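Notes follow once the structure below has been shown.
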Amino acid sequence: MKMGMGYTVLSRLRTLARYTIAYACITHCTFEYVGDFVLCKGPSMEPTLFSDNVLLTERLSKYWRKYQSGDIIIAVSPVNASQYICKRIVAVSGEKITTLKPTPIEAETAAKQPTEVKMVTDYVPHGCVWIEGDNKSNSSDSRYYGPIPLGLIRSRVVCRIWPLSELTGL
């Protein structure tokens, strides 16, 4: 009688393990290839997005639709590959971009007088996008590191889902 009971427990554990592995694989594939949830941190996208907003992102539309100016994207940071950034696409391949030439922080602190403002006009290279945060005064973006390759883009933001009072498509 005890062997029968042990066999039933093992059989149930085996079934549980199979379902757990199957659901883990489905979850992984969904988050890796379809879309996922992203928690925002930092002020660079204010007033559109704030710290602790949760976003729903998708990865499928890149196969039938090109990224467009105005899309908010999640990308691998070009200066720190272990970090993700959330920015808005301002220009895509071939578009003209005019921006203030950034002044390195070292030069700002060394100069006793204000530096003159310089505007730079350039075109976004093929296979790249120009990204900027909505909070221009507090965002490290393409104005500092230049256009980013499309390969660094991880997903496109579909909507903000948290806080629920601010549920909205983006």
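Observations on the structure shown:
- Legend: calculated FRET efficiency, residue 63 to residue 8, from the Cβ-Cβ distance at R0 = 45 Å, rounded to 0.05, equals 0.45.
- Amide proton proximity set for residue 162, modelled H, under 5 Å, gap of 5+: 54
- Angle in degrees between helix 2-29 and the longest Cα principal axis of the chain, rounded to the nearest 10: 20
- Tensor-based shape of the range 36-164 (alpha-carbon gyration tensor, a/c under 1.5 rounded, otherwise prolate or oblate): oblate
- Here the contact order of the range 119-170, divided by its residue count and restricted to Cα pairs under 8 Å and six or more residues apart, works out to 25 percent.
- Subtracting the Cα-Cα distance of residue 126 and residue 166 from 0.36 nm times their residue separation leaves 10.8 nm of extension gain.
- Shown for the chain: the carbon plus sulfur share of the solvent-accessible area, taken with all protein chains present and a 1.4 angstrom probe, equals 62%.
- Of all aspartates and glutamates in the structure, not one has an alpha carbon short of 13 Å from that of residue 118, not counting any fewer than 8 places away in one chain.
- Trypsin sites (Lys or Arg not before Pro), loop per DSSP, at most 15 other Cβ atoms within 10 Å - longest free stretch of the chain: 119-170
- Debye equation applied to the C-alpha atoms of the range 1-92, log10 I(q)/I(0) at 0.16, 0.22 Å⁻¹: -0.80, -1.19
- Residue of 82, 93, 61 that the Gaussian network model of the chain assigns the largest fluctuation, springs spanning Cα pairs under 10 Å: 82
- Accessible surface, per residue, of the chain when the full set of protein chains is kept, probe 1.4 Å, Å²: 68
- DSSP-defined antiparallel bridges as percent of all bridges, the chain, nearest 5: 100
The values are calculated or read from the model by the stated rules, or taken from the named source; none is laboratory data. Owing to the predicted nature of the structure, the values given are computational and were not obtained by experimental measurement. All Cβ positions, glycine included, derive from the backbone under ideal geometry; neighbour counts span all protein chains shown. To get the accessible areas, we keep the full protein, side chains included, count just its heavy atoms, and leave off ligands, DNA and RNA. Shrake-Rupley method; radii C 1.70, N 1.55, O 1.52, S 1.80 Å.
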